[in-house]
Amino acid sequence: MLDHPYPASGAHRSYGVERRGTDSAILGEDAVAEEAPVALVYNGFSHAVMLATPQDLEDFALGFTLSEGIAASARELHDIDVVEHALGCEVRMALAGERFSAMRERRRALAGRTGCGLCGIESLAQLQRALPPARLADTAIHPGALERAQAEL
């Protein structure tokens, strides 16, 4: 297994947390669901990348393939292999010839501009886009403001 932040074996990771109340702070631990970019690759061509828990990816890929109408039955999908990369996981599948041709004709062409930013990209390579540097202000946030914001959410 590769040493990277997207282990295919885990569905969650534990992190230390500090819970703040009005007058106190309590240290503890929370389990956080792990997600990773998952590229679905049919017959060597990357079709879509989604953010998913990197577990049971063969089932995830089969479910996606059937629900999207890419294949009509599981018998049209062969040789499902999960390959881990530093940027995420690829699920490589062999799709029956006539189904692969139909899928290639109706391919999506636009990346999503909202949400996690992965919707619609075609390959893990597109994850490495140059981003402008973040400008941080010297602003202090009062803990009470955070508590009110959380309560309103």
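No value in this document is a laboratory result; all are computed from the given coordinates. Worth saying up front: this structure is predicted, and the values here are computed from it rather than measured. For neighbour counting, all protein chains shown are included, and Cβ atoms are generated from backbone atoms with ideal geometry for every residue, glycine included.
Give a residue-ordered list of calculated ³J(HN,Hα) values for the range 91-98 (Karplus: 6.51 cos²θ - 1.76 cosθ + 1.60, θ = phi - 60°; whole Hz; x for Gly, Pro).
My calculation for the range 91-98 gives 10, 9, 9, 9, 10, 3, x, 5 Hz in order.
Among 78-85, 139-146, 28-35, what's the highest-first ranking by average C-beta atoms within 10 angstrom per residue? Numbers along the way, then the final one.
On the way: 78-85: 13.9, 139-146: 8.6, 28-35: 11.4.
Per-residue mean Cβ counts within 10 Å order the peptides as 78-85, 28-35, 139-146.
For SER24, what is the net charge nearby, where nearby means another residue's Cβ is under 15 Å from its Cβ and Lys, Arg count +1, Asp, Glu -1?
Spelling it out: positives minus negatives among the neighbours equals -1.
How would you rank 15-26, 38-49, highest first, on the average number of other Cβ atoms within 10 Å across their residues? Show your work: numbers first, answer last.
Working: 15-26: 8.9, 38-49: 20.2.
Order by mean packing, descending: 38-49, 15-26.
What is the spin-label model distance, in nm, from SER73 to ALA86 if the labels are put 7 Å beyond Cα along the C-beta direction?
It works out to 4.4 nm between the two label points.
Under 5 Å between amide hydrogens, which residues at least 5 positions from ALA48 or on another chain qualify, with H placed 1.01 Å from N in the peptide plane?
LEU40
Assuming R0 = 41 Å, can you tell me the calculated FRET efficiency for the pair LEU146 and PHE45, based on Cβ-Cβ distance, to the nearest 0.05?
Details: r = 46 Å, r/R0 = 1.12.
Rounded to the nearest 0.05, the efficiency is 0.35.
List the residues, sorted by chain then number, that are 5 or more residues from HIS85 or on another chain and whose placed amide H is less than 5 Å from its amide H.
GLU90
Would you kindly state how much longer the chain becomes between THR139 and THR53 on full extension, computed as 0.36 nm times their sequence separation minus their alpha carbon distance, in nm to one decimal? Please report the intermediate quantities before stating the final value.
Working: separation 86, 0.36 × 86 = 30.96 nm, distance 3.48 nm.
Stretched out fully, the THR139 to THR53 stretch lengthens by 27.5 nm.
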